[in-house]
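The values are calculated or read from the model by the stated rules, or taken from the named source; none is laboratory data. Because the structure is predicted, anything quoted here is derived from the model rather than measured. Every residue, glycine as well, gets a Cβ built from its backbone with ideal geometry; the counts of neighbours run over all protein chains shown. To get the accessible areas, we keep the full protein, side chains included, count just its heavy atoms, and leave off ligands, DNA and RNA. Shrake-Rupley method; radii C 1.70, N 1.55, O 1.52, S 1.80 Å.
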Amino acid sequence: MSHEYEKLGAFFLGKEYDLDTRTRHDDLVLVDAKDFTTHAVIIGMTGSGKTGLGVGLLEEAAIDHIPVIAIDPKGDLGNIALTFPSLQGSDFRPWVDPQQATTAGMDPDQFAEAQAALWTKGLASWGQDGARIQRLRDAADVSIYTPGSSAGRPISLLRGFTAPPASVRDDLEAFAERVNATATGLLALLGIDADPITSREHILLSNLLSNAWQEGRDLDLPTLIGAIQSPPFAQIGVMPVDTVFPAKDRSAFAMRLNNLLAAPGFQAWLQGEPLDAASLFYTPAGKPRVSVVSIAHLGDAERMFFVTMLLADIIAWMRQQPGTGSLRAILYIDELFGYMPPIANPPSKQLLLTLLKQARAFGLGVVMATQNPVDLDYKGLSNAGLWFIGRLQTERDKMRVMDGLAGASGGAPFDKGAMERTISGLGKRVFLMHSVYENAPTTFETRWAMSYLAGPMTREQIRQLRASEMATAAASAPVASTPAALQAAVWAPAAATAPIAPTATSTAAGADIARPPILPPDITQVWLPSRDAGAAWQPAVLGVADVTFTQARLGVAEQRRQAWLVPLDDHMLALDWSTADAIEIEVNALGRDPRPGSAFDPVPSLAANPKSYAAWSRALQQYVSSNHGVTLFQSKALKLVSHVGESEGAFRARLQMAAREASDARLDAVRKKYATRVQTAQEKVRRTQAAIGAQEARATQAKLDSAISIGSAVFGALFGKKKISATSVGKAGTAARSMSRAQSQSGNVARATETFEAAQQELADLEARIAEELQLEAAAYDALAEQLDEVTVKPKRSDVHVQFVALAWVPSDNAPPSPA
């Protein structure tokens, strides 16, 4: 089978299925990728084929370079990592179930060979092969994450609560939603069912998170525990903190969090990569990821905590993306039960409702699957534009689904009786697709999954996959380092730089009441964020400038605020900006008031002179204009240039999205261009066929069937999301031959035959022209394969506007290396 529909942004999900005859037709069921921006619901009982449909959908997204985050509560979705292009029994052998082999009367080796043969035959019956599996593997990276476990790739949640980006902090509603979700999720982990209005624990946590995040400061659990005991504010609302939440009770609350932190089982929550939706969607190189987040090993409270934190982070990522009408990414939830109930209000529910209402504008499609259709909020799910209904277990399940479909119809005509009869007749791997983009529902059989569906993956199997992944990465990836200029935290984490060794002053008695040296008032002093209330402070010079980069030929005109930090020592004779570390810092995160600490290193005399700072400011302007050019990446294929500060990986991800948007726009234009002409040609066929005369009823009926066949070939390919190609044109030819046989049945219709044949040929010719145009318009693009050019842009001196040069106090736990 040719797979050129993949260039058309279509997901191949299966083939149409006739419930009356229990036969599968040859008509492909192709769903436009854009349709998933209005979200989808998959419902089916155990054994309905729901997992196969879901895995197939994720495969189609991956092969189309669309990244996916898949929440996997049962362990089934990890099967998408089991792809074997060679289809050899040895590939299947590590993943076969010995018990199944015994049941089949085989040893594991024989069973693996049998599974390989089964998969080869099954794929071939659907026009697929090892070559398509290889394209799937090449198109996207597949990783299995295991929060709270080291079996797969661990995700750290309790190490820190990262401040949301400025775009979220500037949106009062979005910021409040993020604060509320984090507080509610953390309390759920403690077993506290907190109401945001009445729970003092929730109110205190929300205020602590809000206080830190508004300043751009991250929090970790130890700092949060300390802040609960000694809040950095005196009032909550208009009342004293001790009145709202007495110190004794706060101490008990802090102890519960401390016990959580100290529990051996929770050490795994402190390990691994920090939670970051962008990293789950794309690799550092910009390759799309299918990130399967397995939570099967977690308890209910832990699952709710993690899902809440993940959803909140996805929303924050989403709001940083530009708007689009194309499908940017997919969030797949394999079992929705418990996360969006109709009456209860768990912390995950509001976040899911937000996604269902807002994600479409950003191109994020949400796909929710369940085998428990009763306990769902169907009012919220009414926003879904695609419904896939499989075999259901009880009449009660069926009635709840019917209510959901009625709500999703949006007031359009809804034949409840016909829908009930259809759903009742569904069998294994047969689904009903209800789409707001189609005039009628479609019944189809799901295609054969390219991934080996071995069943729920155990932690040991996930560990085995992870070991293989690490070995492959170690063999192919070059050793890379992360320069200080690319660190994305408000201030570099301690692990990223070598801390300055404490001086004798750092441990002097009475250090808890140390104060900074007294300096002339003309010297601006700032304090970098610290998580340690008793930190030792070291002086440095911080310069902040707004730098404009312009390149008219490339259409580049961007301004970026940048900062440089130079450590100080007692022996310095001059300040050299070439020794500075370029850092990313938010000015509003800098403290302006003196901070107590365990000790303050002395300030060199040069830095204690106010006149030095004016000279350093001029020197910074000169240094930046002479030495601080930026390297941008240029795509000749799409005529785009990277943004200042945009990594090559992020730029490639943006290129892939731009290509998808351009392709969608071209395809929409082709469809729009031919819609009226196809409709007119089809109507002409119907009119000439009707003119043949009612006196030849049999011939008339035969001709009617043929006319519908021709129309289906066109509309199925163009508007029904089916592929336009020689196959479709062949269908039209088959219909034409059928028409000729029908005409021969009556000698009384000869007068209309010539007109009818001309109309039928006109329709077939139109279909062929559409096929040719789409073949020319829809070319595949792989952003990772393009060779990018590099362009260096330097600012003029007049484009460097120094905002300030100040004495910066750097906490020793996050201090930069001292100058050599």
**Request:** Could you please tell me the mean projected area of the C-alpha convex hull for the range 576-669, averaged over all directions and given in square nanometres to one decimal?
**Result:** 11.0
**Prompt:** Rounded to the nearest 0.05, what FRET efficiency is calculated for A124 and A166 with R0 set to 41 Å and r the Cβ-Cβ distance?
**Reply:** 0.20
**Prompt:** For K50, which aspartates and glutamates qualify as cross-link partners when the Cα separation must be under 17 Å and same-chain residues fewer than eight apart are set aside?
**Reply:** E16, E59, E60, D72, D76, D334, E335, D397, E445
**Prompt:** the range 596-653: which trypsin sites (Lys or Arg not before Pro) are DSSP loop and have at most 10 other beta-carbon atoms within 10 angstrom?
**Reply:** K636, K639
**Asked** How big is Rg to Rh over the range 1-139, alpha-carbon atoms, Rh as the Kirkwood inverse-mean-distance radius?
**Response** 0.97
**Fill in**
Here the averaged projected area of the range 251-384, based on the convex hull of its alpha-carbon atoms and given in nm², is 10.1
**Message:** Please report the accessible area of L590 (heavy atoms, 1.4 Å probe, ligands and nucleic acids excluded) in Å², nearest 10.
**Reply:** 10
**Message:** When 1/r is averaged over all different Cα pairs and the result inverted, which Kirkwood radius in Å belongs to the range 218-263?
**Reply:** 11.1
**Request:** Kindly state, to the nearest 0.05, the FRET efficiency for D546 paired with R515, given R0 = 35 Å and r defined as their beta-carbon distance.
**Result:** 0.60
**Complete:** Regression test value, accessible area per residue of the range 300-340, probe 1.4 Å, units Å², expected 24
**Request:** Can you tell me the relative contact order of the range 50-131? Whole percent, Cα pairs under 8 Å, sequence separation 6 or more.
**Result:** 25
**Shape call, the range 394-473: gyration tensor on alpha carbons, a/c limit 1.5** = prolate
**Request:** Pairs to check: K34/K636; K398/K428; K15/K287; K74/K287. Give those whose C-alpha atoms are more than 19 Å from each other in this structure.
**Result:** K34/K636; K15/K287; K74/K287
**Asked** Seen from all sides and averaged, what is the projected area of the convex hull of the Cα atoms in the range 139-217, in nm²?
**Response** 7.3
**Asked** Among 297-307, 194-204, what's the highest-first ranking by average C-beta atoms within 10 angstrom per residue?
**Response** 297-307, 194-204
**Cα point-scatterer Debye curve for the range 164-299, base-10 log of I(q)/I(0) at q = 0.21 Å⁻¹** = -1.45
**Complete:** Simple spin-label estimate for S86/K74, 7 Å along Cα→Cβ, in nm, reads 3.3
**Asked** In percent, what relative contact order does the range 249-359 have, based on Cα pairs under 8 Å that are 6 or more apart in sequence?
**Response** 22
**Message:** Quick check: from the Cα gyration tensor, does the range 510-658 come out rounded (a/c under 1.5), prolate or oblate?
**Reply:** prolate
